[in-house]
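Everything on this sheet refers to the single structure shown next.
No value in this document is a laboratory result; all are computed from the given coordinates. Note that the structure is predicted; figures quoted are calculated from it, not measured. For neighbour counting, all protein chains shown are included, and Cβ atoms are generated from backbone atoms with ideal geometry for every residue, glycine included.
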Amino acid sequence: MGKTYCHRMPDYESIIEWYKGTGLRPYLEQLCQTDRNEFINDFYSELKKHYTPQKNGEILFEFPRLFFTATKK
């Protein structure tokens, strides 16, 4: 079963920092600083295309989660 949560983020930079500490870490570690900066800039541009700030400036960032239950037979 899956569920999508909306995280209230103050800005695009916060989304990037959050991802840098989780899912992006193994990928960014493989890049040199120049490539890492280019990747982050591209990521920033894509975020702006897909997420519009709310009236208060926050961004509702959708984060899907997958839940499952395992049983032993």
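Within region 1-22, track down each residue that is charged (D, E, K, R) and either assigned to a helix (DSSP H, G or I) or under 9 Å from the mean Cα position of the chain (by Cα) (or both). Listed by number, the residues that qualify are GLU13, GLU17, LYS20.
Of all the residues in region 30-73, those that are more than 18 Å from HIS7 (Cα to Cα) and aliphatic (A, V, I, L, M) number 3.
Take THR34 and tell me if it is on the phi < 0 side of the Ramachandran plot and in a loop (DSSP other than H, G, I, E, B). Walk me through it before giving the result.
Working: on the phi < 0 side of the Ramachandran plot: yes; in a loop (DSSP other than H, G, I, E, B): no.
Against the criterion (on the phi < 0 side of the Ramachandran plot and in a loop (DSSP other than H, G, I, E, B)), THR34 does not qualify.
Report whether or not LYS20 is surrounded by fewer than 12 Cβ atoms within 10 Å (Cβ to Cβ), without any contact (Cβ under 8 Å) to a residue 60 or more places away in the chain, of a type in the set (Lys, Arg) and out of contact with any Asp or Glu (no Cβ under 8 Å at 6 or more places or on another chain). So LYS20 does not fit the description; no.
Within region 52-69, residues that are without any contact (Cβ under 8 Å) to a residue 60 or more places away in the chain and surrounded by 10 or more Cβ atoms within 10 Å (Cβ to Cβ) sit with their Cβ atoms under 8 Å from residues that are in a strand (DSSP E or B) and of a type in the set (S, T, N, Q), at 6+ positions apart or across chains, in these pairs: GLU62/THR4; PHE63/THR4. Would region 45-52 turn up any residue that is part of a strand (DSSP E or B) and of a type outside the set (Ser, Thr, Tyr)? No: zero hits.
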